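Everything on this sheet refers to the single structure shown next.
Coordinate-derived values only; no laboratory data. No experiment lies behind these values; they were computed from the predicted model shown. Every residue, glycine as well, gets a Cβ built from its backbone with ideal geometry; the counts of neighbours run over all protein chains shown.
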Amino acid sequence: MPVEFIKQLHQASLEKAWNARPARDPMLKRRQNVMSRIDVAQAQLKNGEINPPRGSYQTRDNFNGVRVQLKCGQRALTIDGRDHWFVEDAATFFSSAREAVGSGQLDGAIVDALEGNGKDKGAHPAPKSKPVAPEEVCNLDVAPDSKASAEELHAAKPGKFAQRYEKLVAAGIISEPAL
């Protein structure tokens, strides 16, 4: 039977090797992200843009230098405790930075920026709260001096339009329509 020879020749180890995906280094993509930001900044400098929006550099009138940043996505890289530098020639800075990123010298700063270990305080996710079981919510004790019962507290309130309508009817401004 043809099934017998398939069972004899099939090797699970070869199938496992076939289906295995080669391990990818995530730093290659991260470096490329930073280098693309540097390329954009160099193109903006070449085109003569002074202060590009969300750019990697800023200039000011009456100031000879340029404030530069290296970014991975929207996060600035922190190197030696600084996330921005003041240089006279931004084009030279960005070309040197591109070489350093390509050679892997700034991998630690890239990882820190992406993991939120940098200066950005909003980088840490909000703490997760534990969901409350419905049984615990329904068994809440109401203070003895309160006038509302637990059912009244959880009862649905009418919407804003319905509340305004009720006030107008109560004031006698409009009359209730006959149904």
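Here are R54, R82: which of them is among the basic types (K, R) and at positive phi?
R54
Take the residues in segment 64-98 that are in contact (Cβ under 8 Å) with a residue 24 or more places away in the chain and of a type in the set (D, E); name whichever of them is surrounded by the most Cβ atoms within 10 Å (Cβ to Cβ).
D83
Identify, please: which residue in segment 40-63 is among the charged types (D, E, K, R) and more than 16 Å from S95 (Cβ to Cβ) and is, among those, nearest to the chain's Cα centre (by Cα)?
Among residues in segment 40-63 that are among the charged types (D, E, K, R) and more than 16 Å from S95 (Cβ to Cβ), the one nearest to the chain's Cα centre (by Cα) is R54.
Just one of (1) crowded, with 18+ Cβ neighbours inside 10 Å; (2) assigned to a loop (DSSP other than H, G, I, E, B) trips up R24, so point out which.
Evaluating R24 over (1) crowded, with 18+ Cβ neighbours inside 10 Å; (2) assigned to a loop (DSSP other than H, G, I, E, B) leaves (1) as the failure.
Determine the pairs where a residue that is in a loop (DSSP other than H, G, I, E, B), located within segment 43-61, has a partner that is among the hydrophobic types (A, V, I, L, M, F, W, C) with Cβ atoms under 6 Å apart, the partner being 6 or more residues away or on another chain.
Once the first residue is in a loop (DSSP other than H, G, I, E, B) and sits in segment 43-61, its partners that are among the hydrophobic types (A, V, I, L, M, F, W, C) give S56/A41; T59/I50; T59/V66.
Across segment 38-63, which residue is nearest to A100 (Cα to Cα) among those that are loosely packed, with under 11 Cβ neighbours inside 10 Å and of a type outside the set (D, E)?
K46
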